[in-house]
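*Asks:* After the C-alpha cells below, expect a handful of questions from me.
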Amino acid sequence: MTLTIIILLVLALYMVQIFLQETSRFGFDLRGIVGNRDNPPKPSILAGRLDRAKNNMLESLPIFLALALLALVKGGDTREVTRAASIFLIARVVYVPAYVSGVPILRSLVWLVAVASLAAMALLLI
C-alpha cells in the first residue's frame, strides 16, 4: 500500500467517525439526522464515546497529515514511513471500537500505539 493510499484511508476513517458520531447522537433516526438539528437530544453514552473518539482523531490528524505529506515532498525511500503510517491507520481503526467498548486500558494502549507510530514517522524523516 502506498503512502498516498494510507493518507486517503485515514481521511476516510475520519469521515466515517464524523458520520457515526453525528448519527449516533440522534439514535440513528433518519428524521433527526436530516432535520435542522435545532434541538439535539442529550447524547447517549455511545454517542459521547463516539464524539470523544472523533475529537481524538481530530487532534492527531494534523500531525499525521503533516508527517505523511512531508515524507511525500521529501521523496526518496518512504517504505519505513509508509510502514509507520500503516500502523497508525490500523491503530486508529482499532481505536474506535476500543473506545466505544469501554474496556478499561484497551483504549489507552491502542492510543499509545498510534502515538508511537507518529513518533516513528517523525524520527524517520530526520
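Only the coordinates and a few stated rules stand behind these numbers; no lab work does. Values in this document were obtained by computation on a predicted structure and should not be read as measured data. Quick reminder, even Gly has a Cβ in these numbers, built from the backbone with ideal geometry, and neighbours come from all protein chains shown.
*Asks:* Got the relative contact order for the stretch 3-125 handy, in percent, Cα pairs under 8 Å and 6 or more residues apart?
*Replies:* Relative contact order for the stretch 3-125 comes out at 28 percent.
*Asks:* Next up: Return the distance in nm (one decimal) between the two label points of a simple spin-label model at Met1 and Leu61, each offset 7 Å from Cα along Cα→Cβ.
*Replies:* 1.8 nm
*Asks:* Also: Note down the net charge around Leu124, summing +1 for each Lys or Arg and -1 for each Asp or Glu among other residues with Cβ under 13 Å from its Cβ. Spell out each step's value before the answer.
*Replies:* Numbers: positive: Lys74, Arg79, Arg83; negative: Asp77, Glu80.
Within the 13 Å Cβ shell, the charges total +1.
*Asks:* Next question, about the same structure. At R0 = 22 Å, how high is the FRET efficiency between Leu9 and Ile126 if r is their beta carbon distance? Nearest 0.05 is fine.
*Replies:* 0.30
*Asks:* Against the empirical 2.2 N^0.38 Å scaling, what ratio does the C-alpha Rg of the chain come to?
*Replies:* 1.19
*Asks:* For the stretch 52-98, state the average projected area of the convex hull of the C-alpha atoms over all orientations, rounded to one decimal in nm².
*Replies:* In nm², the orientation-averaged hull projection of the stretch 52-98 is 3.2.
*Asks:* When Lys and Arg each count +1 and Asp and Glu each count -1, what net charge do the other residues less than 11 Å away from Ala98, Cβ to Cβ, add up to?
*Replies:* On the way: positive: Arg49, Arg92, Arg107; negative: none.
Local charge sum for Ala98: +3.
*Asks:* Given R₀ = 30 Å, what would the calculated FRET efficiency be for Ser44 paired with Leu109, taking r from the Cβ atoms and rounding to 0.05? Don't skip to the answer; put the middle values down first.
*Replies:* On the way: r = 25 Å, r/R0 = 0.83.
So the FRET efficiency works out to roughly 0.75.
*Asks:* So, one more: Could you tell me what a quarter of the Cα convex hull surface of the stretch 69-126 works out to, in nm² with one decimal place?
*Replies:* Quarter of the Cα hull surface area: 3.8 nm².
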